[in-house]
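Have a look at the structure below, then the notes.
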There are 2 protein chains.
Amino acid sequence: MNQGERLQKQIEFIKEIDKLKHILRQTVLMDGSRQENDAEHTWHLAMMAMVLLEHTPEPRPNLSKVLKMLLVHDIVEIDAGDTFAYDTAGYEDKQEREMKAAERVFGLLPEDQKQELISLWLEFEERQSLEAKYAAAIDRIQPLLHNYYTGGLSWKKHGVRSSQVLNRISGVADIAPSLYELVTGLIQDAVQKGYLQE
Amino acid sequence: MNQGERLQKQIEFIKEIDKLKHILRQTVLMDGSRQENDAEHTWHLAMMAMVLLEHTPEPRPNLSKVLKMLLVHDIVEIDAGDTFAYDTAGYEDKQEREMKAAERVFGLLPEDQKQELISLWLEFEERQSLEAKYAAAIDRIQPLLHNYYTGGLSWKKHGVRSSQVLNRISGVADIAPSLYELVTGLIQDAVQKGYLQE
């Protein structure tokens, strides 16, 4: 495949992923005005990953890898949709739906780039590397901050309990102890303030 | 300043930059449904930078630096607003408005991080390094693609002429010749199709 053909494929991919801007999440913006979409969510995570890196113990995750992983981590939702964190039924076929989506969307790219981006996404999903653990921690903390600072808008809407939130952020403890301490404090406070059920 | 105080400042910054999701651009999404905001725009640029890097000549820009630069490049618009590319009056005091915004928004962070992010932003603005030239090229190409694939929605609305668009993308030629060739071809075609004035 020559450069021109590669570029045509890349442009098709760039056009296609514009759709991530239409995938709405359950999280609402900090001012409570509307739901957040996956594209803006992803940008926010990437900024958080940059700014909070010092809270990981040495050896720290490689930030460049974390950023790339975060940038691609929700792209499969263009086809598979956003599965709400506390939707158990939605999780049953999540993996299958997302793998099919990855094949189609990343498959618009030249083969080597398709493989590279699928690998980044799978590494994120598997939560084994330092980078994946840190990226996943950030992905768990961001909606929690949005919930807390909007007085629990999305928690209340879905009747979420503190044990569910604690369970969801359990992976943060090892990769970023001070962030874990922060968010467990917010959860306690959210229960006291009635943002979140006990 | 201890870690706890640093974290509090970082969280304030993370809350504040959520506002980037409210800053609307003149560009419309690929399906023409609505205007794009700065946060989702930024995510799209970061993905483009990853996928199109091979079109830069050797020595290539450092992708990690490019990504960080892109992630922060529009944050000043939280205070300064988006200045439309072809708004000459808006450009008169753009620099002053944006510097003030940078001081305030990045100033929410601990001093070392404030300086790091302001440096990244200024490097982007100055267009001198390879990374800044490539990031700026991507920032010029993305709205052009959106315009072209929506039949010139924003070009038509603002009566933009092809000479203005060509002038705006002139910096792409050196840093990514094959991308320059692609977009000049799209501009010619856009004129023929009536998306863009001669």
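FYI, it's all coordinate maths here, none of it is from the lab. Not measured: the values here are computed from a predicted model. FYI the Cβ positions are ideal-geometry reconstructions off the backbone, even for glycines, and counts take in every protein chain you see.
Straight-line cross-link partners of A:LYS94 among the aspartates and glutamates, defined as a Cα under 12 Å from its Cα and at least 8 positions apart when in the same chain: A:GLU77, A:ASP79, A:ASP82, A:GLU125. When chain B is treated as a Gaussian network with alpha carbon springs shorter than 10 Å, the biggest mean-square fluctuation among B:GLY171, B:GLY185, B:GLY152 belongs to B:GLY185.
Go through A:LYS133/A:LYS193; B:LYS19/B:LYS133; B:LYS15/B:LYS100 and tell me which ones have a Cα-Cα distance over 24 Å in this structure. In this structure, A:LYS133/A:LYS193; B:LYS19/B:LYS133 lie more than 24 Å apart at Cα. Summary for A:GLN95: label point 7 Å along Cα→Cβ; distances to the equivalent points in the other copies, ascending, 5.7 nm. Between the Cα long axis of helix B:177-193 and the first principal axis of chain B there is an angle of about 50°, rounded to the nearest 10. Take B:MET1, move 7 Å from Cα toward the beta carbon, and the resulting point lies 4.6 nm from the same point in each other copy, nearest first.
Label-to-label distance, B:HIS158 versus B:SER33, with points set 7 angstrom from Cα along the beta-carbon direction: 2.4 nm. Residue exposure proxy: A:LEU53, B:LEU70, A:LEU182, ordered by other Cβ atoms within 10 angstrom of their Cβ from fewest to most, comes out as A:LEU53, A:LEU182, B:LEU70.
Counting Cβ atoms of other protein chains within 10 Å of each Cβ in B:10-21 and taking the mean gives 6.
Within the listed set A:ALA132, A:ALA85, A:ALA102, the Gaussian network model of chain A (springs between alpha-carbon atoms below 10 Å) gives the highest mean-square fluctuation for A:ALA85.
Would you calculate a helix-derived [θ] at 222 nm for chain B, using -39,500 (n - 2.57) for each DSSP H run of n ≥ 4 and dividing by the full residue count, to the nearest 500? Please report the intermediate quantities before stating the final value.
Values: 12 runs with 130 residues, N = 198.
Mean residue ellipticity at 222 nm (helix-derived): -20000 deg cm²/dmol.
The alpha carbon centroids of segment A:77-131 and segment B:1-25 are separated by 29 Å.
Round to the nearest 10 and give me the degree value, 0 to 90, for the angle of helix B:38-52's Cα axis relative to the longest principal axis of chain B. For B:38-52 against chain B, the angle is about 70 degrees.
For segment B:3-193, the fraction of C-alpha pairs farther apart than 27 angstrom is 30 percent. Legend: calculated FRET efficiency, B:ASP79 to B:GLU126, from the Cβ-Cβ distance at R0 = 22 Å, rounded to 0.05, equals 0.60.
Would you work out the relative contact order for chain B, in percent, from Cα pairs under 8 angstrom that are 6 or more residues apart? Taking the mean separation of contacting Cα pairs over the length of chain B, I get 23 percent. Using a simple spin-label model with pseudo-atoms 7 Å out from Cα toward Cβ, B:MET1 and B:ASP112 lie 1.1 nm apart. If you run the Gaussian network model on chain A, springs between alpha carbon atoms under 10 Å, then out of A:LYS157, A:LYS100, A:LYS114 the most flexible one is A:LYS157.
Across the identical copies, the 7 Å label point of A:HIS22, projected outward along Cα→Cβ, sits 2.6 nm from its counterparts, in ascending order.
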